[in-house]
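Below is one structure, written out as structure tokens; comments come after it.
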Amino acid sequence: DKGNHRHFMLKEIYEQPVVVAQTLRSYVRRIDDQVSLPIPDFDLSAIRRVTIVACGTSFYAGMVAKYWFEQFARMPVDLDVASEFRYRAPVMEPEGGLALFISQSGETADTLAALRHARAEGQKIAVVVNVPTSSMAREADLLLPSHAGPEIGVASTKAFTCQLAVLAALVANVARAKGRLTPEEEKDIVRHLSEAPSAINQALAQDEAVQALAPLIVPARDVLYLGRGTDYPLALEGALKLKEISYIHAEGYAAGEMKHGPIALIDEAVPVIVIAPSGPLFEKTVSNMQEVQARGGKVVLISDEDGIAAAGEGCLATLALPKVHPLIAPMVYAVPVQLLAYHVAVIKGTDVDQPRNLAKSVTVE
Ligand code: M6R
């Protein structure tokens, strides 16, 4: 049932504040301001290395988690797409090795095969999965459910933000187990995580602005998305979403990689979506953005009010999001890129919920 919405995708985008809150309820305890896991006796302190494997949008959630594990838990992380991982010869030490698989369906063939491969290599298996009865859920040592509810649209939206919520909590749990989090810092993280649903709501309030922008993107043949840090996986996610449902060619790039090739593509006909919240990486990304503008590129800047005040001039459009903690920013910044892909696709008249050539769950190689 789509409710009042025209498509499941839009309904699922709008469900995000509720389902993220629902997911977080299993991972944070407001009563004593602690993060927790559904399986409390799993020994996180023994983990020495994490190997993250997934496909598509779930892979981008894993990429965000890699940055978080490194920053907050000082944990070394390997990351790969499942179709590559299973045919490489990845080196995994059984001692202290945690392999983490992320999947909405829990049935993606490559991810499931990669899970079995990691198990054979002596890894402990953690799974972030949205379907609790799925194959991956059954094969996990540490089952970490995301409670997004059924996702019908082929384009993953609410499953992604709920995966991010689980992963943020997992990183905080590992950081604590590793002695890298003071009770004060933990309390602070719990408070920020609890604010995620309302921050996502504020991002949804940009829907009209995104809708107004969409007609300017529709004529494009190519669109670039740029970001740094955890905004790099968001750039990749934005590009995937646009390709998947609007059939416009799009690429996500690490902002600093622009001048190593893709800048040659820039002219007035190539919109560039720049994802850059204010913070330590802001200036760097803005200078990449200015290189684009100097070549006639049309920039859409997604940032917060400070970022837009500092660098919004000369942009085709700006979208202002709330200023939030780095552990929740990707959940908030996901919203405008989802909405942009959605509105562009609607104008183009594509089959938003069932894009051509795609299946919701890829159960064959
Ligand atoms: O069910 P999974 O999370 O394992 O699926 C992985 C990908 O097939 C999936 O995220 C795909 O990329 C989406 N259609 C993207 O919107």
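Going by average Cβ neighbours within 10 Å, how do the peptides 169-177, 223-231 rank, with the highest at the top?
Working: 169-177: 23.2, 223-231: 26.1.
Answer by packing, highest mean first, reads 223-231, 169-177.
How far apart, in nanometres, would the label points at Lys187 and Asp306 be if each is projected 7 angstrom from Cα along the Cα-to-Cβ direction?
Here the answer is 2.4 nm between the modelled labels.
Taking the Cα centre of region 79-228 as origin, work out the dipole magnitude from +1 charges on Lys and Arg Cβ and -1 charges on Asp and Glu Cβ, in debye rounded to 20.
180 debye
Beyond 20 Å between alpha-carbons counts as too far, so tell me which of Lys66/Lys259; Lys2/Lys360; Lys124/Lys158 fall in that bin.
Lys66/Lys259; Lys124/Lys158
Assuming 0.36 nm per residue, please report the length gained on full extension of the stretch His5 to Gln290 beyond their Cα-Cα distance.
The His5-Gln290 span can extend by a further 98.8 nm.
Measure off 7 Å from each Cα along the Cα-to-Cβ vector at Glu195 and Arg221, then give the distance between these two points in nanometres to one decimal.
In this crude label model, Glu195 to Arg221 measures out at 4.5 nm.
Only sites in a loop by DSSP and with at most 13 other Cβ atoms within 10 Å count here; which trypsin sites (Lys or Arg not before Pro) in region 334-365 make the cut?
Those satisfying the criteria are Arg356.
Rg and Dmax of the chain, using alpha carbons, in Å: what are they?
Expressed in Å, the Cα Rg and Dmax of the chain come to 19.6, 57.
Which residue, chosen from Tyr232, Pro271, Leu115, occupies the Cα position most advanced towards the positive end of the dipole of the chain, where the dipole is computed from +1 (Lys, Arg) and -1 (Asp, Glu) charges on Cβ about the Cα centre?
It is Leu115, whose Cα lies furthest towards the positive end.
Enter the accessible area per residue of the chain (Å², integer; probe 1.4 Å; all protein chains in place).
Per-residue value: 41 Å².
Which order do the peptides 131-140, 334-343, 109-118 take when ranked by the mean count of other beta-carbon atoms within 10 Å per residue, highest first?
Details: 131-140: 17.3, 334-343: 27.1, 109-118: 21.6.
Final packing ranking: 334-343, 109-118, 131-140.
At 222 nm, what helix-only mean residue ellipticity would the chain give, in deg cm²/dmol to the nearest 500, using -39500 (n - 2.57) for each DSSP H run of four or more? It would help to have the intermediate numbers written out before the result.
Details: 13 runs with 163 residues, N = 365.
Estimated from H runs of four or more residues: -14000 deg cm²/dmol.
Charges at C-beta only: +1 for Lys and Arg, -1 for Asp and Glu. How large is the resulting dipole of the chain about its Cα centre, in Debye rounded to 20?
340 debye
If packing is taken as the average count of other Cβ atoms within 10 Å, what order do 81-90, 13-22 fall into, highest mean first?
13-22, 81-90
Set the Förster distance to 41 Å, then compute FRET efficiency between Arg119 and Ser36 from the Cβ-Cβ distance, nearest 0.05.
Numbers: r = 25 Å, r/R0 = 0.62.
So, using R0 = 41 Å, E works out to roughly 0.95.
Give the residue from Val19, Ile328, Ala82 lying farthest towards the positive end of the charge dipole for the chain; charges sit on Cβ (+1 for Lys and Arg, -1 for Asp and Glu) and the dipole is referred to the Cα centre.
So the residue we want is Ala82.
Compute log10 of I(q)/I(0) for region 1-98 with the Debye formula, placing one identical point scatterer on every Cα and leaving out solvent, at q = 0.21 Å⁻¹, to two decimals.
Ignoring solvent entirely, the Cα scatterers give -1.20.
Taking the alpha-carbon centroid of each part, what is the distance from region 199-268 to region 60-92 in angstrom?
24 Å
The values are calculated or read from the model by the stated rules, or taken from the named source; none is laboratory data. Given the structure is predicted, the values throughout are model-derived calculations rather than measurements. Methodologically, a virtual Cβ is constructed for each residue, glycine included, from the backbone with ideal geometry; neighbour enumeration extends over all protein chains shown. Only protein heavy atoms, including side chains, enter the accessible area calculation; ligands, DNA and RNA are left aside. Shrake-Rupley method; radii C 1.70, N 1.55, O 1.52, S 1.80 Å.
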